[in-house]
C-alpha cells in the first residue's frame, strides 16, 4: 500500500483548521506552510517556491544583475512550477515512472559536468543532494510525457526537407561553395553588351579585365552579390549588371561544390542465426551451426542454408544478407568478427544477445553518405522547430484546461 504524502496531508488538515480559527491565531502558531498556488487537486507550497528561488539565485550568484526583481523572479518561477505541476499530474495519470537507475545516471552526468563526486556530495550536502534528485526526476518525467504526447503527431515530409535545404541555413549546412568570375567596368553600354554575350553562351572569362574569385562559401562572397540566391543557380548563370560607385559589375557562377562530405566504411554481411530454446540447448545450437559451416565449406549454398535454417526472419528471405551496413551498428561481438574477416571468409560460431551465428563478409565499400546525412540533419532541424512550436501550444492548452489559483 503506497505511503500517504504526509506534507500534503498536514497542509490540507491545517488549511481546514484555518477555516475554524482566526487568522491571528494561525499567525501566532506559525504552523501552516502557506500555499503559493492550487493546481487541480494539489498545491504548491511557499516553502517549495522559496527553495526554487534560492536555487536560481545561487546559480546566478556571480551575475545577480541578470535576474529580475525578487517579486518578479518569484512570480516567474511560480508560473514555471505551475506548468510543471500540471504536466506531472498528467504523467502520474498515464503511469509514467522513473526508475532509480535513470535518476542515478542523470545525477552522475550532472555531477560529472559540474566536476563533483556524487558520493562526497551526498554525504556533505544531503538536503541539496535530495533536492537535485527530485528535480531530475521531475524533469525526466515531464520530458517523457511531452515525447509521448507530441512525437507521434509531428511528421516531416521530403518536400519540407528540399525546401529547408534551399534556405540559407540549409545551404550553410551543406558547406556549399561557389566559384565566381567577376568583371567591372565604368561603361554602362559595354556592361550590357558583355551581359548579353555571356547570356548567349560566351564565358565571362573571355573578356579582358575578368577575375576569378575562386571558390567561396556563400557568406564569403562579395556583399554586392549576396542575397541574390547565387547558391541555387546553375553553372554559367550571370547576374545583370549591378551599378555601384559609378561602376557596372557583372558576376558569373563558374562552378560549385559541397565541402561537407562524409565517407564511411560499409560491409555487406550474410549470416545464419540459431536461437536456443526449450527444445534446442546451447550446445545443440552450436553443433548445428558447426555442421552448417562445414557444409558451406564443402560447397553447399550459403543462401539456401540460410533460407532453410536461419531464425532471422528478415534476412533469411534474402539468403542471410543484412544489407550494406556500418559495422558499428552491429552488436560488439558481431562487429568485431566482421572487422577481422576477409571478403569471402566464413567465421567460426559466435554468440550475441540474439543467439548463435556463423557469418560471411560478402563485400566492403567506402560510401559517401553526405547527402543522406544532410537530409537526416535537415529532417531533425525541421522536426525540432515543429516540436518546439507544438510544445508551446500543447503547454498552453494543458494549462488552460487545469484549475489554477495563485495564492500569493
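For region 238-260, taking the residues that are under 31 Å from the mean Cα position of the chain (by Cα) and surrounded by 13 or more Cβ atoms within 10 Å (Cβ to Cβ), the one that is farthest from residue 224 (Cα to Cα) is identified as 260.
Just one of 268, 322, 273, 313 is outside any helix (DSSP H, G or I), at pLDDT below 90, within 22 Å of residue 353 (Cα to Cα) and under 36 Å from the mean Cα position of the chain (by Cα); which is it? Residue meeting the stated conditions: 313.
In region 237-258, which residues are out of contact with any strand residue (DSSP E or B) (no Cβ under 6 Å at 6 or more places or on another chain), in a loop (DSSP other than H, G, I, E, B) and either under 16 Å from residue 216 (Cα atoms) or without any contact (Cβ under 8 Å) to a residue 24 or more places away in the chain (or both)? Scanning region 237-258 gives a single hit, 245.
Among the residues making up region 108-130, those that are surrounded by 15 or more Cβ atoms within 10 Å (Cβ to Cβ) and more than 26 Å from residue 387 (Cβ to Cβ) are 111, 121, 122, 129. Counting only strands (runs of 3 or more DSSP E) that sit completely within region 337-408, those holding 3 or more residues that are more than 18 Å from the chain's Cα centre (by Cα) and surrounded by 12 or more Cβ atoms within 10 Å (Cβ to Cβ) correspond to 350-352, 355-368. If you check residue 304 against the conditions, is it in a helix (DSSP H, G or I), in contact with a helix residue (DSSP H, G or I) (Cβ under 8 Å, 6 or more places away or on another chain), surrounded by fewer than 16 Cβ atoms within 10 Å (Cβ to Cβ) and not assigned by TED's automatic domain parsing to the domain that holds residue 216? No: the conditions fail for residue 304. Would you check if residue 157 is modelled with pLDDT of 90 or more and surrounded by fewer than 14 Cβ atoms within 10 Å (Cβ to Cβ)? Taking the combined requirement at face value, the residue satisfies it. For region 61-74, a residue qualifies if it is loosely packed, with under 14 Cβ neighbours inside 10 Å and not in a loop (DSSP other than H, G, I, E, B), and the qualifying residues are 64, 65, 66, 70, 71, 72. Condition check: touching a helix residue (DSSP H, G or I) at 6+ places or on another chain (Cβ under 9 Å) and either part of a strand (DSSP E or B) or at pLDDT below 90 (or both). Does residue 178 satisfy that? Against the criterion (touching a helix residue (DSSP H, G or I) at 6+ places or on another chain (Cβ under 9 Å) and either part of a strand (DSSP E or B) or at pLDDT below 90 (or both)), residue 178 qualifies. For residue 112, the conditions (1) over 19 Å from the mean Cα position of the chain (by Cα); (2) within 26 Å of residue 89 (Cβ to Cβ); (3) at pLDDT below 90 are fulfilled apart from (2). The numbered conditions (1) surrounded by 13 or more Cβ atoms within 10 Å (Cβ to Cβ); (2) free of Cβ contacts under 8 Å to residues at least 40 places away in the same chain are all true for residue 99 except (1). Inside region 207-225, can you point out the residues that are modelled with pLDDT under 85 and either outside any strand (DSSP E or B) or farther than 15 Å from residue 175 by Cα (or both)? Across region 207-225, the qualifying residues are 218, 219, 220.
The values are calculated or read from the model by the stated rules, or taken from the named source; none is laboratory data. As the structure is a prediction and not an experimental result, all values here were calculated from the model. Neighbour counts run over all protein chains shown; Cβ positions are idealised from the backbone, glycine included.
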